[in-house]
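S.K.: Would you mind keeping the following structure in view while I ask a few things?
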Amino acid sequence: MGAGAVGGFLGYHLARAGRDVTFLVRPERAQLLKERGLVLRSAGGESQISPQTVSAPQIGGSYDIVLLAVKAYALEKAIEDLGPAVGPETAILPVLNGIRHMDTLQAHFGREHVLGGVCVVVSQLEKDGAIRQLLPGASLSYGSLDGIHDKRLDRVDATLRGAGFDTELSGSIELDMWEKWVFLAAGGALTTLLRGTAGEITRVSGGLSTAQAVIRECVHIAAAAGFAPRRAALDRVESTLLQPGSGFATSMYRDLMQGQDVEADQILGDLLERAELLGVDAPLITAAFAGLSMYMAAKSTETGREGTH
């Protein structure tokens with residue numbers, strides 16, 4: 001579900017590898033894909049496929065795997081549309097940011113249907129509907145939240161392996177998800193608070209120390225919740241956000257600079273709610289979230305004004 005920067009990227013590669021892939025998309029996106037195909041641009045050039053698509057009213061039965069790749073703020077509508085596609089043996093693999101969506105999906109479809117998932121790819125949806133991979137490399141990890149390894153999980157693994165991106169059937173998927181959350185929250189809070197890439201921020205006076213403090217806040221919250229990041233995950237966060245000259249910026253920052261909706265509540269707001277319950281102080285994340293909340297409020301007000309013309 002979703003043919004944007006993440007869903008389009010994964011589905012493109014799965015279809016190219018011969019998997020039976022259908023994209024659940026809105027009618028206007030379906031029409032664009034019919035006219036132009038699903039286009040992927042990368043350092044290696046441009047290529048495309050002619051994808052199978054379906055809109056929600058056209059779903060005629062259940063699917064083996066639902067790869068859920070929508071923005072977190074679109075989850076409620078996605079759940080409504082997905083209902084007819086989920087049968088007794090369906091595995092739902094969400095690759096949304098944060099953790100909150102897991103509780104929502106399990107409450108609606110049942111814990112037995114929902115896998116944990118982590119996707120790492122740097123891509124964006126361009127104005128003409130194409131997907132651009134901004135940096136090489138992509139990976140998808142997945143696993144059972146209760147640690148039970150069954151035949152359905154083997155089928156999921158067999159379907160996703162060998163399709164043009166790295167895969168891992170993980171025995172610690174919940175910790176994997178928290179580690180990605182720490183990475184996204186630290187990067188998102190830093191780049192949106194100070195309005196720059198990681199390299200631009202660390203170049204200015206106070207930038208490096210601010211970046212270090214943001215990382216500490218995220219790590220302290222995760223540790224208090226029982227999911228302290230492993231050394232390799234911490235090294236990735238620090239090498240990305242503290243490296244001089246790094247051009248790294250999160251999708252949240254790119255969305256902000258392009259005037260799009262941002263996943264502030266799902267990535268930062270939810271983390272702050274957990275911090276409060278756990279008694280962890282996070283002033284920099286709080287400041288970043290407040291700034292993004294003001295941005296979203298202003299955006300909503302502007303949309304309302306446009307609707308009154």
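S.K.: Among (1) of a type outside the set (S, T, N, Q); (2) farther than 18 Å from Ser62 by Cβ; (3) buried (at least 18 other Cβ atoms within 10 Å of the Cβ); (4) out of contact with any Cys (no Cβ under 9 Å at 6 or more places or on another chain), which single condition is Leu82 missing?
M.R.: Result: Leu82 fails condition (2) only.
S.K.: Please go through segment 34-53 and pick out each residue that is aliphatic (A, V, I, L, M) and at pLDDT below 95.
M.R.: Answer for segment 34-53, where residues must be aliphatic (A, V, I, L, M) and at pLDDT below 95: just Ala43.
S.K.: Is it the case that Ser172 is surrounded by fewer than 23 Cβ atoms within 10 Å (Cβ to Cβ) and in contact with an Asp or Glu (Cβ under 6 Å, 6 or more places away or on another chain)?
M.R.: No: the conditions fail for Ser172.
S.K.: Next question. Could you grab me the full set of residues in segment 163-219 that are assigned to a helix (DSSP H, G or I) and among the basic types (Lys, Arg)?
M.R.: Scanning segment 163-219 gives Lys180, Arg203, Arg216.
S.K.: Which ones in segment 3-26 are assigned to a loop (DSSP other than H, G, I, E, B), touching a residue at least 40 places away in the same chain (Cβ under 8 Å) and touching a strand residue (DSSP E or B) at 6+ places or on another chain (Cβ under 9 Å)?
M.R.: Ala3, Gly4, Ala5, Val6
S.K.: While we're here: Taking the residues in segment 135-144 that are in contact (Cβ under 8 Å) with a residue 40 or more places away in the chain and either under 12 Å from Leu93 (Cβ atoms) or in the same structural domain as Leu271 (by TED's automatic domain parsing) (or both) as candidates, determine which candidate is surrounded by the fewest Cβ atoms within 10 Å (Cβ to Cβ).
M.R.: If we take residues in segment 135-144 being in contact (Cβ under 8 Å) with a residue 40 or more places away in the chain and either under 12 Å from Leu93 (Cβ atoms) or in the same structural domain as Leu271 (by TED's automatic domain parsing) (or both), then Leu140 is surrounded by the fewest Cβ atoms within 10 Å (Cβ to Cβ).
S.K.: Working only within segment 93-131, note down all residues that are touching a residue at least 60 places away in the same chain (Cβ under 8 Å) and in a loop (DSSP other than H, G, I, E, B).
M.R.: Val95, Leu96, Asn97, Gly98, Ile99, Glu126, Asp128, Gly129, Ala130 - these are the residues of segment 93-131 that are touching a residue at least 60 places away in the same chain (Cβ under 8 Å) and in a loop (DSSP other than H, G, I, E, B).
S.K.: Moving on to the next point. Looking only at segment 60-84, which residues are in contact (Cβ under 8 Å) with a residue 60 or more places away in the chain, of a type in the set (A, V, I, L, M, F, W, C) and either in a strand (DSSP E or B) or in contact with a helix residue (DSSP H, G or I) (Cβ under 9 Å, 6 or more places away or on another chain) (or both)?
M.R.: The answer is Ile65, Val66, Leu67, Leu68, Ala69, Val70, Ala72, Leu82.
S.K.: Looking only at segment 44-59, decide whether some residue is touching a His at 6+ places or on another chain (Cβ under 9 Å) and either assigned to a helix (DSSP H, G or I) or assigned by TED's automatic domain parsing to the domain that holds His149 (or both).
M.R.: Among the residues of segment 44-59, not one is touching a His at 6+ places or on another chain (Cβ under 9 Å) and either assigned to a helix (DSSP H, G or I) or assigned by TED's automatic domain parsing to the domain that holds His149 (or both), which makes the answer no.
S.K.: So, in segment 202-230, of the ones that are farther than 24 Å from Leu145 by Cα and without any contact (Cβ under 8 Å) to a residue 12 or more places away in the chain, which residue ends up surrounded by the most Cβ atoms within 10 Å (Cβ to Cβ)?
M.R.: By that ranking, first place goes to Arg216.
S.K.: Are any residues in segment 236-275 among the polar types (S, T, N, Q) and either assigned to a helix (DSSP H, G or I) or surrounded by 15 or more Cβ atoms within 10 Å (Cβ to Cβ) (or both), and if so, which ones?
M.R.: Scanning segment 236-275 gives Ser239, Thr240, Ser246, Thr250, Ser251, Gln266.
S.K.: Same structure, new question: Which of the residues that make up segment 145-166 are at pLDDT 95 or above and either surrounded by 18 or more Cβ atoms within 10 Å (Cβ to Cβ) or out of contact with any Ser or Thr (no Cβ under 9 Å at 6 or more places or on another chain) (or both)?
M.R.: Within segment 145-166, Val156, Ala158, Thr159, Leu160, Gly162, Ala163, Phe165 qualify.
S.K.: Taking the condition free of Cβ contacts under 8 Å to residues at least 12 places away in the same chain and either assigned to a helix (DSSP H, G or I) or not aromatic (Phe, Trp, Tyr) (or both), does Ala233 pass?
M.R.: For Ala233, the condition - free of Cβ contacts under 8 Å to residues at least 12 places away in the same chain and either assigned to a helix (DSSP H, G or I) or not aromatic (Phe, Trp, Tyr) (or both) - is not met.
The values are calculated or read from the model by the stated rules, or taken from the named source; none is laboratory data. Every value quoted in this text rests on a predicted model; they were computed, and no experiment measured them. Note that we place each Cβ from the backbone using ideal geometry, even for glycine, and neighbour counts take in every protein chain shown.
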